[in-house]
Amino acid sequence: MTSTDVPTRPARRTVSPLPAARRAHRGRPAVQRGPNLTLGASRLSRTLALAALAVMALFWLLPMAWAVFTAFKSEQDASDPLHWIWPQGGFTLDGFRTVIERGDLPLWMLNSFLIAAAVTVVTVVVSAMAGYAFSRTLFRGRRWLFTVTIASILVPPQLLIVPWFQQMLTLDLVDTYAAVILPQTVAPVMVFILKKHFDTIPRELEEAARIDGAGHARIFWSVMLPLSRPMLAAVSIFVFIGAWNNFLWPFVSTSDPALMTLPVGITAVKDAYGVNYAQTMASSVLAALPLVLVFVFFQRHIVKSVATTGLGGQ
Amino acid sequence: MSTHLASPGRPRADRTATGLGATLRRVVPPGLLFALPFLVLFVLFMLWPMAQGIWMSLTDTSLSAHDPSFIGLDNYTEAFGDAEMWRAMGHTAWFTVVSTVPLVAVALAMALLVYTGLPGQWVWRLAFFAPYLLPVGVIGLLWLWLYQPDLGLYNHLLQAVGLDGYAWLSDESIALYAIVIATVWWTVGFNFLLFLAALQSVPDHLYEAAALDGAGAWRRLWHVTLPQLRRITGVITVLQILASLKVFDQVYLLTKGGPNGSTRPVVEYLYDMGFTGYRLGYASAISYIFFALIVLASAVQFVALRRREK
């Protein structure tokens, strides 16, 4: 498995399917290894597998394709049951134009981005520090605090919306960014994951820094964090996606359209403007675009993240 | 002084430091200092709300202006006799069963197939995982459109092959399953990635040994791959059950709990009670009853897993 770009056309004639499969991963050695080991190398099993995959992929791609298709139709064509595949009047950008001109979609995207970014930064910083504390320091009550933290993983945030709302009323924070952001920053799972991760960093590195006179702050900052970059990236990705897509709490804590996040705003529009399928799908496409693009560009990294967070390991 | 505990016998270089930071370090153990930002948020937005929730469940707190008064266990007694609440609990439980099975099995099938080294890796990964990235608002709009009785994709397709369409979301007998289908489509990608990652960590030498012993594809799958995946399958199942129990978003967006409350899960019931019925106290009581059931279910799962591992 090399990353050099040897011309492959003649090589493709080789009979053995194993190198052929490997060639599919040329240049991406880290993610896929040991192809062919699960289903075997016979032509029949490969064909069957390919067919099964194609059917499943079709089932998964079709809804998205149809939504995109609809987004490029005129409203009449979108609600014409006789021409449900090919629009009579041709394709148009009207849906997108109307949605963008209305102007709230970019605002909600910005809100979603700001809120998700703030949640991510606070959560990751605070959880990393706590993870370090639970992993590498000793202080009275440490075990007890860690146990309480882990136990609280069981508490579904959905069940806290009522007291959170009451709390935001008390603190006079309803309809502010702070109200949306703050409760989302408590992530005991991330503390747990990061603690487990810090546990795996060899003591010797820490001891060496200590001999050089480094205290906890220096060790955390210049030893632990640089060694944890992939893990921090992984954790950040999941916190960000979670916050970007979070619905219930932003829905409960905001009623001002100017503060709505994307998932909340986009559904509010449907109720307010009635059913315009082409426009609705155009706004869905626009709303879906950012994260899907991010995934297309960083998918290898995201796939690796799953493994890194320890969820995928043994 | 607990700072001494940090690492016995290490050189105490920081003792000579002076200034505010050093003083602080001497008074508060550094470990606690590191954990403090998290602990503050944890107490403020987890422990306090939980305590407040318990208190509210013992009062008649309402969204309207009047001052709440203590009513003891009245909310709980009322909830236990509330047929609608039990119905919602039933929907949640059934949704969890019906969604967890495909969300684990389909994800496993996808991962096994993708992992075989067929060409086009990134296309498959994208196809299966991309829906997970869609905000739930988009999921709501998209599936309302797909399930639209006259214009939706699925009825068009059924009619194209000569079958009758369904009133997917307004037929009481199938609405919940329609939501399950949308949920599987939306979220299976995450479990798929977890399985894929686990497959990659199955040691190659096991397969090589199996191949040397002349094991064919099915035997390798049955005797190497699946046993190696047993642990992660257990983990994914538990995570999925916990996730499915909390279902709200897509149900609310697709059916608002209807038709006739036939799809309404617990979280939506407590949302309705609290925020459209204005009864925050009663909603808190329901939260706690549900939470108690989740803890119970988790304890049962935990014991079951323990036993199986032994």
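Where is the GNM fluctuation largest for chain B (alpha-carbon springs, 10 angstrom cutoff): B:Arg220, B:Arg279, B:Arg231?
B:Arg220
Taking only the alpha-carbon positions of the range B:98-179 and ignoring solvent, what does the Debye formula give for the base-10 log of I(q)/I(0) at q = 0.21 Å⁻¹?
Here the Debye-derived log intensity ratios amount to -1.10.
Considering Cα pairs under 8 angstrom that are at least six residues apart, work out the relative contact order of the range B:123-226 and quote it in whole percent.
Relative contact order here is 26 percent.
Just to be sure I understand: with springs between alpha-carbon atoms less than 10 Å apart, which residue in B:Glu84, B:Glu208, B:Glu172 has the highest mean-square fluctuation in the Gaussian network model of chain B?
Per the Cα network of chain B with a 10 Å cutoff, B:Glu208 tops the list.
How about the range B:24-95: which trypsin sites (Lys or Arg not before Pro) there are in a DSSP loop, with at most 10 other Cβ atoms within 10 Å of their Cβ?
In loop regions of the range B:24-95 (DSSP not H, G, I, E or B), there are no sparsely surrounded trypsin sites (Lys or Arg not before Pro).
Just the number please: accessible area per residue for the range B:91-309, 1.4 Å probe, all protein chains included, in Å².
38
Calculate, axis by axis, the spread of Cα positions in the range B:150-241 along the three principal axes, and write the results as whole Å, longest axis first.
Reported extents, whole Å, longest axis first: 57, 31, 19.
Using r as the Cβ-Cβ distance of B:Arg87 and A:Ile211, and R0 as 51 Å, what FRET efficiency do you calculate, to the nearest 0.05?
My answer for the efficiency is 0.20.
Under 5 Å between amide hydrogens, which residues at least 5 positions from B:Thr59 or on another chain qualify, with H placed 1.01 Å from N in the peptide plane?
Excluding prolines and chain starts, which carry no amide H, the hits are B:Ile71.
Assuming a ≥ b ≥ c are the square roots of the Cα gyration tensor eigenvalues, decide whether the protein assembly as shown counts as rounded (a/c under 1.5), prolate (otherwise, with a/b larger than b/c) or oblate.
oblate
Sorting B:Asp272, B:Asp150 by accessible area (1.4 Å probe), largest first, what list results?
B:Asp150, B:Asp272
Residues of B:84-95, mean number of Cβ from any other protein chain within 10 Å of their own Cβ, rounded to a whole number?
Shielding by partners across B:84-95 averages 0.
Take the Cα gyration tensor of the range A:42-161, multiply each eigenvalue by 5, square-root it, and list the three semi-axes largest first, rounded to whole angstrom.
48, 28, 13
If one takes the accessible area of chain A alone plus chain B alone and subtracts that of the pair, with a 1.4 Å probe, what total in Å², rounded to the nearest 100, results?
So the buried area, both faces added, is about 10600 Å².
Over the heavy atoms of A:Lys196, what accessible area does a 1.4 Å probe trace out, to the nearest 10 Å²?
Estimated to the nearest 10 Å², A:Lys196 gives 100 Å².
Report A:Arg46's accessible area, 1.4 Å probe, all protein chains in place, as a number in Å² to the nearest 10.
For A:Arg46, solvent-accessible area is about 50 Å².
Would you list, by chain and number, the aspartates and glutamates whose Cα falls below 15 Å from the Cα of A:Lys73, excluding same-chain residues fewer than 8 positions away?
Straight-line reach from A:Lys73, under 15 Å: A:Asp94.
I need the shape label for chain B. Rule: rounded when a/c is under 1.5, else prolate if a/b > b/c, else oblate, with a, b, c from the alpha carbon gyration tensor.
oblate
Give me the Kirkwood hydrodynamic radius of the range A:150-216 in Å, from all C-alpha pairs, to one decimal place?
Roughly 15.2 Å, rounded to one decimal.
How big is the range B:133-192 on each of its three principal axes, counting only the C-alpha atoms and giving the largest first in Å?
Per principal axis, max minus min of the Cα coordinates gives 35, 23, 21 Å.
Which value, in debye to the nearest 20, gives the size of the charge dipole of the range B:91-309 about its Cα centre, when Lys and Arg are +1 and Asp and Glu are -1 at the Cβ?
Dipole magnitude for the range B:91-309 comes out near 620 debye.
Once you place label points 7 Å from the Cα toward the Cβ at B:Tyr76 and B:His223, how far apart are they in nm?
Modelled inter-label distance: 5.6 nm.
Taking 8 Å as the Cα distance limit and 6 or more residues as the minimum spacing, I'd like the relative contact order of the range A:107-309 as a percentage.
Contact order relative to length: 35 percent.
Of the heavy-atom accessible surface of the range B:178-265 (probe 1.4 angstrom), what whole percent is carbon and sulfur?
Ligands and nucleic acids excluded, carbon and sulfur reach 61 percent.
What dipole magnitude, in Debye to the nearest 20, does the protein assembly as shown give about its Cα centre under +1 on Lys/Arg Cβ and -1 on Asp/Glu Cβ?
For the protein assembly as shown, the charge dipole is close to 3460 debye.
If you count, for every residue in A:58-65, the Cβ atoms of partner chains within 10 Å of its Cβ, what is the mean?
6
Give me the percent of the accessible area of the range A:107-309 that comes from carbon and sulfur atoms, probe 1.4 Å, all protein chains in place.
69
Could you tell me the relative contact order of chain B? Use alpha-carbon pairs under 8 Å, at least six residues apart, and round to a whole percent.
Here the relative contact order equals 28 percent.
At A:Gln76 and A:Asp256, where each label point lies 7 Å from the Cα along Cα→Cβ, what is the point-to-point distance in nanometres?
Taking the two extended label points, one gets 4.3 nm.
The values are calculated or read from the model by the stated rules, or taken from the named source; none is laboratory data. What you see is a predicted model; the values in this text were computed from it and never measured. Heads up, the Cβs are rebuilt from the backbone with ideal geometry, glycines too, and the neighbour counts pull from every protein chain shown. Keep in mind that these areas ignore ligands, DNA and RNA; they rest on the heavy atoms of the full protein, side chains included. Shrake-Rupley method; radii C 1.70, N 1.55, O 1.52, S 1.80 Å.
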